[in-house]
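Here's the structure, in structure tokens; my notes come after.
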Amino acid sequence: MGLFNSLKQQAFDMAKEHAMKQIEQKFGSAAAGMISGGGGGGGGGGSNHKVTQTEYEANKPQELRKDIRMLSGCQDHQTSADVSNVSSFQLPDPCGRAGGALTSTLLKVLYADEKSSNEDLSFTEVLEKVREFLQESGYEQIPQLSSMNPIDVKTTFDLVPHTKRGTKRAVMIGINYVGDNPGELSGCWNDVGNMKNYIMDVHGFEEENIVVLLDDGNHTEPTYENIINAYKTIVSQSEDGDCIFLHYSGHGTKIRDDDGGEEGDGYDEALCPRDFQSAGMIRDDDLFDILVKPLADGVHMFSLMDCCHSGSIMDLPYSFKGDGNETEMHLNPGVNIEMFIQQNSGKLFEFMQQQLMGN
């Protein structure tokens with residue numbers, strides 16, 4: 001068996017080497033380098049080439065060009081605040097006194113933008129205004145925009161692109177962890193109510209297409225299983241032209257990355273479902289597998305994560321911090337892009353093989 005396995009490995013290596021030469025001839029050395037190991041990040045066996053944004057964009061397949069964006073309340077190393085009284089945020093008919101800092105501040109900015117006769121705010125302006133309001137309230141967290149593709153942050157901010165004419169669906173999750181001591185929150189249910197009102201009133205979402213999970217005894221419980229199922233369902237239902245809005249308000253955390261993957265700091269970011277103590281956390285790797293990989297082409301997804309340690313909680317490769325210093329999107333330093341490429345290189349390799357066979 002040892003000789004057989006050795007010969008089989010040799011045959012595989014020869015076939016791979018031949019395929020890699022073909023890919024390099026057609027797509028260039030950067031593409032071949034991305035597939036063969038990417039280098040850096042302890043990938044093992046690959047070159048030491050550091051993938052640039054230009055190389056990444058030039059060679060990534062359609063599977064990694066999906067229209068996915070995420071706005072998080074803070075960076076990976078930061079915590080996100082719970083606001084005890086949202087009256088100062090001037091929300092129309094707020095659902096209770098308490099709320100998450102990101103959700104409340106973002107709604108304050110967006111409602112003011114809707115009423116203004118001036119030109120609509122850009123991504124940069126929205127994030128910087130959110131940051132300014134947070135600072136005025138004594139919070140240090142910095143909002144972060146992430147995406148699968150680089151966004152021109154000078155363009156108009158939108159949760160739902162005007163070009164999308166299909167069905168608008170949403171999954172909205174608020175967890176107050178009632179009875180947990182310490183750990184109980186007070187504003188997450190209100191966040192969901194306030195944001196739900198906004199997407200229905202401003203963006204035309206219909207009640208029948210909005211799934212709400214709350215641990216209030218009156219809605220579907222936001223357990224590990226129920227959250228996963230809700231995410232899987234909304235992705236499977238959506239098709240070209242549709243829009244997905246995801247909103248999570250609750251606890252987030254960091255746990256050691258156990259698969260030696262794409263995390264630049266060695267830790268996974270994770271959501272804490274209501275039953276996290278028994279069922280476990282929902283890691284960023286899980287979110288990528290459930291929300292990103294199976295999403296159909298042509299579907300727009302916008303995710304709002306109002307929780308701690310959420311900067312790269314969907315493992316999206318691009319980021320922009322609303323700190324007043326950054327002026328454009330760049331590859332997310334919280335994501336080890338070389339390992340990200342390696343973990344998705346199966347699709348990349350398959351894509352390029354198909355291109356070769358078609359010519």
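The values are calculated or read from the model by the stated rules, or taken from the named source; none is laboratory data. Please read all numbers here as calculations on a predicted model, not as lab measurements. Cβ coordinates were reconstructed from backbone atoms using ideal geometry, including for glycine residues, and neighbour counts include every protein chain displayed.
Some points to look at:
- Residue that is charged (D, E, K, R), modelled with pLDDT of 80 or more and farther than 16 Å from residue 304 by Cβ, where the choices are 132, 119: 132
- Counting only strands (runs of 3 or more DSSP E) that sit completely within the stretch 190-308, those holding 2 or more residues that are β-branched (Val, Ile, Thr) and more than 30 Å from residue 120 (Cβ to Cβ) correspond to 252-256.
- Listed by first and then second residue, the pairs linking a residue in the stretch 235-264 that is under 21 Å from residue 333 (Cβ atoms) and modelled with pLDDT under 95 to a residue that is aromatic (Phe, Trp, Tyr) and not in a strand (DSSP E or B), with Cβ atoms under 7 Å apart and 6 or more places separating them unless they lie on different chains, are 262/340.
- Members of the stretch 126-145 that are under 12 Å from residue 108 (Cα atoms) and either part of a loop (DSSP other than H, G, I, E, B) or aromatic (Phe, Trp, Tyr) (or both): 133
- Test: residue 139 is free of Cβ contacts under 8 Å to residues at least 60 places away in the same chain and not β-branched (Val, Ile, Thr): yes
- Screening 163, 167 for residues that are surrounded by fewer than 22 Cβ atoms within 10 Å (Cβ to Cβ), hydroxyl-bearing (Ser, Thr, Tyr) and without any contact (Cβ under 8 Å) to a residue 40 or more places away in the chain leaves exactly one candidate, 163.
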